[in-house]
Amino acid sequence: MSGFLDGIRCGDCECNVDWGERRNTIASIAAGVLFFTGWWIIIDAAVKYPDEGTFHHAYHTCGVIATVAFLMINAVSNGQVRGDSYSEGCIGQTGARVWLFLGFMLAFGSLIASMWILFGGFVVPRKSCLSVFCGAIFLILSSFLLIRGLVFKFGRTEDLWQ
């Protein structure tokens, strides 16, 4: 049974597509779809359940913070973090790294807060199954926004810009 996958060839098809030039486009489209889908789900739930008892509107803060974190993460280029293209300014490379770290902290903090909203606000009090769905959409939103930030930051390459 050992070696039964040795005969399989990976990437040996005739339709070789050069993803290098399309990498930024694909990453941008994927990040946009994740952003749209996450906010569409949360807006749909807010319209469907407008009362504060079922769907507390202060919980939207997690999505707003995740969106701000996305802007913070992508405001700093990879060259600035490595120190290749940014050596001037008040705090230089260290400031870029601190800014990126704070952005990631906000993004992961938003994800953790949405888990707390799900379990602390909907699952533990044993509300109806409908309410648990309302709590789960906050987790879905924060997850989509975090993945979107990671795709947009690390899915693109800056080599094509130079």
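The values are calculated or read from the model by the stated rules, or taken from the named source; none is laboratory data. Just so it is clear, the model here is predicted, and its values are computed rather than measured. Cβ atoms come from the backbone with ideal geometry, glycine included; neighbour counts cover every protein chain shown.
Below are the figures for this structure:
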read-out	value
So Thr61, is it among the polar types (S, T, N, Q), closer than 24 Å to Phe133 by Cβ and surrounded by fewer than 16 Cβ atoms within 10 Å (Cβ to Cβ)	yes
Inter-residue pairs, beta-carbon under 7 Å, first in contact (Cβ under 8 Å) with a residue 40 or more places away in the chain and among the aromatic types (Phe, Trp, Tyr) and in segment 46-70, second surrounded by fewer than 19 Cβ atoms within 10 Å (Cβ to Cβ) and not in a helix (DSSP H, G or I), 6+ apart	Phe55/Tyr49
Subset of segment 62-84 (residues that are modelled with pLDDT under 90 and among the hydroxyl-bearing types (Ser, Thr, Tyr))	Ser77
Candidate set: segment 15-39, residues that are hydroxyl-bearing (Ser, Thr, Tyr) and closer than 11 Å to Arg148 by Cα; chosen: the one modelled with the lowest pLDDT	Ser28
Matching residues in segment 28-58 - criterion: being exposed (fewer than 12 other Cβ atoms within 10 Å of the Cβ) and in a loop (DSSP other than H, G, I, E, B)	Pro50, Asp51, Glu52, Gly53
All positions within segment 91-104 that are of a type in the set (A, V, I, L, M, F, W, C) and without any contact (Cβ under 8 Å) to a residue 12 or more places away in the chain	Ile91, Val98, Phe101
Matching residues, segment 59-78, being of a type in the set (Ser, Thr, Tyr), over 16 Å from Ala136 (Cα atoms) and part of a helix (DSSP H, G or I)	Thr67
Arg126, sole failed condition from (1) part of a loop (DSSP other than H, G, I, E, B); (2) basic (Lys, Arg); (3) within 23 Å of Arg156 (Cβ to Cβ)	(3)
